[in-house]
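Below you'll find the structure, written out as structure tokens, and then a few comments.
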């Protein structure tokens, strides 16, 4: 039997996909975990960031720094457009608006009228070319066994996790600042914060922009090793991010990274184990059923975690209380 899936699964510990999901979940933690904004449209921020980066780098041939700046600006504008009319809504209504906004973005970029810019349903290929051109590592492959990667793959991992580290440091410092204490207060009792003379709407907008920028950068990072496909930004992406957030701890700084690692390692391991069972005819399922069942496994594990440890793996029980 082939057990190469075991080291490959643990290779997800530092894969660029894990880093991208961790960065997007850090943004979601700013929205929901720390501020109490029930944002179900983080996939929309990732789509905006991915398309801003891909269009400027592939279609318009901008340099890397220009594409990164365009990603940040696009995510900020989207946050302002989304937040100005909606941040006074209650949490349940806000969730409806944000999930609708994300779907509007995904369906709009697929329309034939915008296909000359967005690539339509086929998406955009080659978004990582400008990034790979900055690779200072020597050509060749490095590593050991199945965990051997090319210099471009190593460069993507180094930069991706560096960005995640910078985001973690920024959130760590902000949450322990007066600004962070205000947004935590908004999460726990918005009326009490308003009674102290704080502009709750302004603080919510700042949190939405900050988390949205993290989501936009994550969307750009996500497409660097692959092509941009609009269907990757469906509602299931936001639900995956919430799964990661709840796994690690919604109101923690490092929870998104822990949750992202657990999520992707578990998915990869379960897929490999199911493949062994199917090939050995021990598990009575087909190869087509194998993919959905691994998500069922993750879903059951999440249900157990929420029931017995709602604060997440690294969270505190008092932080699991929200005024939403």
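If the condition is being over 30 Å from residue 158 (Cβ atoms) and surrounded by fewer than 13 Cβ atoms within 10 Å (Cβ to Cβ), then region 120-138 contributes no residue at all. In the set (1) touching a helix residue (DSSP H, G or I) at 6+ places or on another chain (Cβ under 9 Å); (2) under 30 Å from residue 6 (Cα atoms); (3) outside any loop (DSSP other than H, G, I, E, B), residue 138 fails one condition alone, (3). Pairs are defined by a Cβ separation below 6 Å, a sequence spacing of at least 6 or placement on different chains, a first member in region 81-94 that is farther than 16 Å from residue 45 by Cα, and a second member that is outside any helix (DSSP H, G or I); the pairs so defined are 91/38; 91/324. The helices (runs of 4 or more DSSP H) found entirely in region 35-126 that carry 3 or more residues being over 26 Å from residue 245 (Cβ atoms) are 64-86, 115-118.
When the helices (runs of 4 or more DSSP H) confined to region 170-229 are screened for residues that are out of contact with any strand residue (DSSP E or B) (no Cβ under 7 Å at 6 or more places or on another chain) and under 18 Å from residue 67 (Cα atoms), those reaching at least 1 such residues are found at 200-223. Quickly run through region 121-154 and pick out the residues that are within 14 Å of residue 233 (Cβ to Cβ) and modelled with pLDDT under 90. The one that is within 14 Å of residue 233 (Cβ to Cβ) and modelled with pLDDT under 90: 121. Across region 105-119, a minimum of one residue is classified as under 22 Å from the mean Cα position of the chain (by Cα) and surrounded by fewer than 15 Cβ atoms within 10 Å (Cβ to Cβ).
Condition check: at pLDDT below 90 and surrounded by fewer than 24 Cβ atoms within 10 Å (Cβ to Cβ). Does residue 89 satisfy that?
Yes; evaluated as a whole, the condition is true for this residue.
If you check 71, 56 for being within 21 Å of the chain's Cα centre (by Cα) and crowded, with 22+ Cβ neighbours inside 10 Å, only one passes: 71.
The values are calculated or read from the model by the stated rules, or taken from the named source; none is laboratory data. The structure displayed is predicted, hence computed values, not measured ones. Methodologically, a virtual Cβ is constructed for each residue, glycine included, from the backbone with ideal geometry; neighbour enumeration extends over all protein chains shown.
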